[in-house]
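Participant: The structure is given below, and queries will be raised subsequently.
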Amino acid sequence: MLAVVQSATLLGVTGHPVTVEVQVGTGLPGFQMVGLPDTVCREARDRARAAVLSSELEWPTSKRVVVNLAPSGVRKLGAGLDVAIAVAVLVASQQFEPVGLDGLCFLGELGLDGSVRALPGVAPMAACRPDLVAVVPAASWHEAATVTGGAARCASSLREIVHALTGGRWPDPPPRPDPADDPLPPDLADVRGQPAARFGLEVAAAGGHHLLMVGPPGSGKTMLAQRLPGLLPELDPITALEATMAHSAAGVRLPSAGLVRQPPLRAPHHSSSMVSLVGGGSHTLRPGEISLAHGGVLFMDELGEFSATVLDALRQPLEDGVVRVARASLHATLPARFQLVAATNPCPCGGGPPGSCECDEAARARYLKRLSKPLLDRFDLRVGVERTSVDDLIGAGGGEPSAVVRSRVLAARALATARQGSLNAALSAAQLDALAPVEPRAHDRLRAELEAGRLSGRGLHRVRKVARTIADLHGAADVVADDHVVAALQLRVELRRSRRFDAA
Ligand SMILES: [Zn+2]
């Protein structure tokens, strides 16, 4: 007899419908699976068989079992088809008369004891079958409910599924996760001193500018970067859904409310491999850190310590907002629109205690050369971060809280989007002339910087974008004033020439 059961498989962050057809009939006893399963998927036979036997049901050992996974052109990855295959074998071997099988889509991995195990990517897989009710592992129910409006069913064992398919009740979904378990973004009020770096962070948030922080170890670069997401607006609905799919596909815990609404922060270590950062992998096409940072912030501490190939691989996603990964016959496009915040020491010794740096100009130049020019060109802001002074550490009270800064950021972003439909980081040179005219005094100042060789053509473009953002933060809608340009120039430390970090 032939049985047809619906399921889905995951490629990158996208679910693809899969129809599992099983024929159990006479012939030479055996089990054959066709339709481009990968190794893990092919092993479903052993898991399904053990799970069926553990559930006190029968496996058709003396029959010929043929499993076809359609469409045959799509590669089936991982163990997510286990449950669908087991159910189809049970139905095709006529062990029970199923009720309502046609409207269901089964997603889940089987344990040898018959348990139904959670797997990554339940959200995108359930979303690709909107016409069907997804039956998912109990641990994944909230994830599936996020994209199906709560219509999903759940089960924690094959027995529960068979029970429900023979007219019994589906198990109740597990209780909603406690919102108190959601991590809160840290507050800017915890940062003492650091007026320039705080301002740089605010400008980065308001204009969507990529930010490079240059300063000695222990100056609080990480602490600052962690506070950027708390200054950003909630994700728009489309980005929130894309981020949720990426988190689900990577098996990262979703917030208690389901959708990823707060801009995420990802901080990969500099020893991270290409696959973990960019995504891919030899057997799966998993999203990497840059896709998990979609809609939020990617923080790369000690930027110069990342391998050159990894840094090079960032250029395309920074340009396109997506990353294309390909492995053998597989390829996928993953979301990767993030704000880049990077930190670097000013020199090989890290600057040491004030005055102790003995790195010469050549060593310093070699060190900074590791940061390739095309990558450095991405940073509109290069902010010098100094160690917090003793006065600031001892003095009472922290700085402004995130909520206050965030309200200014949101107002500035609203000005920019009302004016040009995008953030200022995306402004082209032509747009700048039309949308960010500078007043005469500022014009003269920029000319002087260019003539003195302190500013390149590209640098000028970036300073003007940043000045536009600073003007927006000041609510100055029309002309960019001299003050704004001066402030923008200060948010741009000169890397190769800087000796300021040696100063006591
Ligand atoms: Zn040094």
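Participant: Tell me which residues, restricted to the range 334-356, are open to solvent by less than 40 Å² (accessible area, probe 1.4 Å) and either part of a strand (DSSP E or B) or more than 16 Å from the ligand (Cβ to nearest atom) (or both).
Facilitator: 334, 335, 336, 338, 339, 340, 341, 342, 343, 344, listed by residue number.
Participant: Follow-up. Tally up the residues in the range 106-149 that are open to solvent by 20 Å² or more (accessible area, probe 1.4 Å) and on the phi > 0 side of the Ramachandran plot, please.
Facilitator: 1
Participant: Criterion first (open to solvent by 50 Å² or more (accessible area, probe 1.4 Å), over 27 Å from residue 225 (Cβ atoms), more than 29 Å from the chain's Cα centre (by Cα) and of a type outside the set (Phe, Trp, Tyr)) does residue 452 satisfy it?
Facilitator: yes
Participant: Return the total of residues in the range 202-246 being in a helix (DSSP H, G or I) and in contact (Cβ under 8 Å) with a residue 60 or more places away in the chain. Talk me through it step by step, then tell me what you get.
Facilitator: The initial filter retains those residues of the range 202-246 that are in a helix (DSSP H, G or I), namely 202-207, 221-226, 229-231, 237-246.
Okay, now just the ones that are also in contact (Cβ under 8 Å) with a residue 60 or more places away in the chain, so 202-207, 221-222, 224-226, 229-231, 239, 241-246.
Result for the range 202-246: 21.
Participant: How many of the residues making up the range 455-474 are modelled with pLDDT under 90 and open to solvent by 70 Å² or more (accessible area, probe 1.4 Å)?
Facilitator: Number of matching residues: 1.
Participant: Taking strands (runs of 3 or more DSSP E) that do not extend beyond the range 1-100, which have at least 2 residues that are among the hydrophobic types (A, V, I, L, M, F, W, C) and free of Cβ contacts under 8 Å to residues at least 60 places away in the same chain? Give the steps one after another, and end with the answer.
Facilitator: Numbers: elements: 2-11, 14-25, 30-34, 64-70.
Of the strands (runs of 3 or more DSSP E) lying wholly inside the range 1-100, those with at least 2 residues that are among the hydrophobic types (A, V, I, L, M, F, W, C) and free of Cβ contacts under 8 Å to residues at least 60 places away in the same chain span 30-34, 64-70.
Participant: Quick check, is residue 157 touching a strand residue (DSSP E or B) at 6+ places or on another chain (Cβ under 7 Å), polar (S, T, N, Q) and surrounded by 16 or more Cβ atoms within 10 Å (Cβ to Cβ)? I'd like the intermediate steps shown before the answer.
Facilitator: On the way: touching a strand residue (DSSP E or B) at 6+ places or on another chain (Cβ under 7 Å): yes; polar (S, T, N, Q): yes; surrounded by 16 or more Cβ atoms within 10 Å (Cβ to Cβ): yes.
Yes: the conditions hold for residue 157.
Participant: Just one of the numbered conditions (1) under 19 Å from residue 284 (Cβ atoms); (2) touching a residue at least 40 places away in the same chain (Cβ under 8 Å); (3) in contact with a helix residue (DSSP H, G or I) (Cβ under 8 Å, 6 or more places away or on another chain); (4) not in a loop (DSSP other than H, G, I, E, B) is not true of residue 125; which one?
Facilitator: (3)
Participant: Anything in the range 80-101 that is surrounded by fewer than 18 Cβ atoms within 10 Å (Cβ to Cβ) and not charged (D, E, K, R)? List them, or say none.
Facilitator: 94, 95, 96, 99, 100, 101, listed by residue number.
Participant: Does at least one position in the range 38-61 carry a residue that is at positive phi and loosely packed, with under 13 Cβ neighbours inside 10 Å?
Facilitator: yes
Residue by residue, here is whether (1) among the charged types (D, E, K, R); (2) within 16 Å of the ligand (Cβ to nearest atom); (3) at pLDDT 90 or above holds:
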| residue | (1), (2), (3) |
| --- | --- |
| 293 | no, no, yes |
| 303 | no, no, yes |
| 323 | no, no, yes |
| 332 | no, no, no |
| 358 | yes, yes, no |
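Participant: Does the range 232-274 hold any residues that are on the phi > 0 side of the Ramachandran plot and open to solvent by 20 Å² or more (accessible area, probe 1.4 Å), and which are they?
Facilitator: Scanning the range 232-274 gives a single hit, 251.
Participant: Something else: If you go through the range 290-299 one residue at a time, do you hit one that is touching a Phe, Trp or Tyr at 6+ places or on another chain (Cβ under 7 Å), open to solvent by less than 20 Å² (accessible area, probe 1.4 Å) and in a strand (DSSP E or B)?
Facilitator: Yes, the range 290-299 contains a residue that is touching a Phe, Trp or Tyr at 6+ places or on another chain (Cβ under 7 Å), open to solvent by less than 20 Å² (accessible area, probe 1.4 Å) and in a strand (DSSP E or B).
The values are calculated or read from the model by the stated rules, or taken from the named source; none is laboratory data. Owing to the predicted nature of the structure, the values given are computational and were not obtained by experimental measurement. With ideal geometry, Cβ positions are generated from the backbone for all residues, glycine too; neighbour counts draw on all protein chains shown. Heads up: the accessible areas ignore ligands, DNA and RNA and are worked out on the full protein's heavy atoms, side chains in. Shrake-Rupley method; radii C 1.70, N 1.55, O 1.52, S 1.80 Å.
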